[in-house]
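Inspection log for the structure reproduced underneath, given as structure tokens.
The values are calculated or read from the model by the stated rules, or taken from the named source; none is laboratory data. Because the structure is predicted, anything quoted here is derived from the model rather than measured. With ideal geometry, Cβ positions are generated from the backbone for all residues, glycine too; neighbour counts draw on all protein chains shown.
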Amino acid sequence: MKILIAGAGKVGTSLTEQLSLEGYDITIIDMKAKRLEMIMETYDVITMEGNSAASNVLKEAGVMDADLFIAATSLDEVNLLSCITAHTLNPELHTIARIRDPEYVEQAYEMRDAFGLKLVVNPERMAASEIARLLKYPGFLQRETFAKAKVEIVELRLDKKSRLNNVQVKNLQTAVRCQILICAVLRNGEAIMPDGDFTLRSGDRIFVTGDSENLHSLLRALGIITMPVNHVLVAGGSRISYYLAQELKKNNISVSIIENDEKKCETLAKILPYATIIHGDASDQNVLEEEEIGSYNGFVSMTGLDEINMVMSLYANMAGVPQIVTKLGRGENIAVLDRLGIGSAVCPKELCTMHIVRYVRAMRNQKGAAITVHKIADGQVEAMEFTVDENTAHIGEPLKDIAIRKNILIASVSHGSTAEIPHGNTAFHEGDTIIVLASAKSAINTINDIFEE
């Protein structure tokens, strides 16, 4: 499958990394030669310097025989024009545009046919939805939902006082008295899929599968008391802050936004009349103290600099804010944040990338493709949701009789309205939903890819 990517920025590079790993034929178009040189040195792709909205550039890049065009430049207008031009040149082409400006987003959705768009992605809106979900359901560092909300994978960090310290995975249910499965552990920066003899240690980040009832039973068993978040302080008046304020209002959560740019404050005050807008430098400890940061039960650091976001989140943690979310522009900084032990991390680039990757996989494999794809464990593990269809192998066979590829785990099997933690006698049938965890390097495209040949 041939893919053209316009824009070699954060999202374009992240897409190149993921899609080249999966073996797609990729051409990158960008106006900046240095960016293209860096990509060529790292990935086995074709690059082309030029304006992706120009028909001659697109023709030279191979748009006429391409299957997919992804417009991820820094300008929404260029992305829209690029998709229109590409689709006009090749009406069979699938086109995806990244649109960030709130003024354009709704228009792009409503006029997708006119723009020749198959998919519109907005990293800021995705990040805002993810942050709002973490604030609405506190207690976990990360929370991913599958099987129409019947199954979740959540992240917890074990501290020295945790009752799971020195507990073997096979004794987990006895220790916490609820039906859950530890499907991955992140220890010293390395993702591990533990077997029954694996022993949990303080400092581990564990990824747990179960339904909502059992996961909340887990919190109670571990003594993690979570109070609902009702007042959130947001540092930085970015686009994400705008979308987040809207999301929090839907959940009846009050929001205050600190922004250093006076004009931005005036704009936010007009478009967010229900939010409290504070003019000040959120990276200044005195400003946070004056705002009495410790009186809030939620804090989100959302400036354009990862390092400042980390420092502010660290201070919020010291001030006793129970629920903290840190926005990161570069996913590789998540490992640094983990060592600091501060709150949840959200990376808009990664959210956007995985949303597009899921679409690409579905294009190549109309049947058997993943319905949902989430990256966990600092991006080292993919959690994928599949629906069993007539083409799925081993239907009706007990799992104990099926050879599964190395470093792949079936974490849940859902039959209709019920989900179960699988065991040796579990079997799946047509229409069931299966949650699979695999190394991010495994390149699982269809459900049948998890089985040994």
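Some points to look at:
- Selection status of K136, closer than 30 Å to I224 by Cα, touching a strand residue (DSSP E or B) at 6+ places or on another chain (Cβ under 7 Å) and not assigned by TED's automatic domain parsing to the domain that holds A245: no
- Members of region 159-177 that are farther than 20 Å from I408 by Cβ, surrounded by fewer than 20 Cβ atoms within 10 Å (Cβ to Cβ), at pLDDT 90 or above and not polar (S, T, N, Q): V167
- Restricting attention to region 328-359, the residues that are surrounded by fewer than 19 Cβ atoms within 10 Å (Cβ to Cβ), touching a Cys at 6+ places or on another chain (Cβ under 8 Å) and modelled with pLDDT of 80 or more total 1.
- Scanning region 127-150 for residues that are in a strand (DSSP E or B) and either among the charged types (D, E, K, R) or modelled with pLDDT of 90 or more (or both) yields R143, E144.
- Pair list, Cβ < 9 Å and 6+ apart or interchain, from region 231-248 residues that are at positive phi to residues that are in a strand (DSSP E or B) and modelled with pLDDT under 95: G236/K327
- Any chance G116 is in contact with a His (Cβ under 6 Å, 6 or more places away or on another chain), farther than 17 Å from V360 by Cβ and of a type outside the set (A, V, I, L, M): yes
- Lone unmet requirement of (1) closer than 21 Å to V360 by Cα; (2) crowded, with 22+ Cβ neighbours inside 10 Å for H87: (2)
- Any hit, region 377-400, residues being of a type in the set (A, V, I, L, M, F, W, C), without any contact (Cβ under 8 Å) to a residue 24 or more places away in the chain, surrounded by 15 or more Cβ atoms within 10 Å (Cβ to Cβ) and assigned to a helix (DSSP H, G or I): no
- Subset tally (residues that are of a type outside the set (G, A, S), out of contact with any Ser or Thr (no Cβ under 7 Å at 6 or more places or on another chain) and either in the same structural domain as G379 (by TED's automatic domain parsing) or on the phi > 0 side of the Ramachandran plot (or both)) for region 146-167: 1
- Residue check, A269 aliphatic (A, V, I, L, M), assigned to a helix (DSSP H, G or I) and out of contact with any Asp or Glu (no Cβ under 7 Å at 6 or more places or on another chain): yes
- For region 213-231, the count of residues that are of a type in the set (S, T, N, Q), touching an Asp or Glu at 6+ places or on another chain (Cβ under 9 Å) and more than 22 Å from G320 (Cβ to Cβ) is zero.
- Any hit, region 404-412, residues being touching a strand residue (DSSP E or B) at 6+ places or on another chain (Cβ under 8 Å), farther than 19 Å from I153 by Cβ and in a loop (DSSP other than H, G, I, E, B): yes
- Condition check for A362: closer than 19 Å to L437 by Cα and at pLDDT below 90: yes
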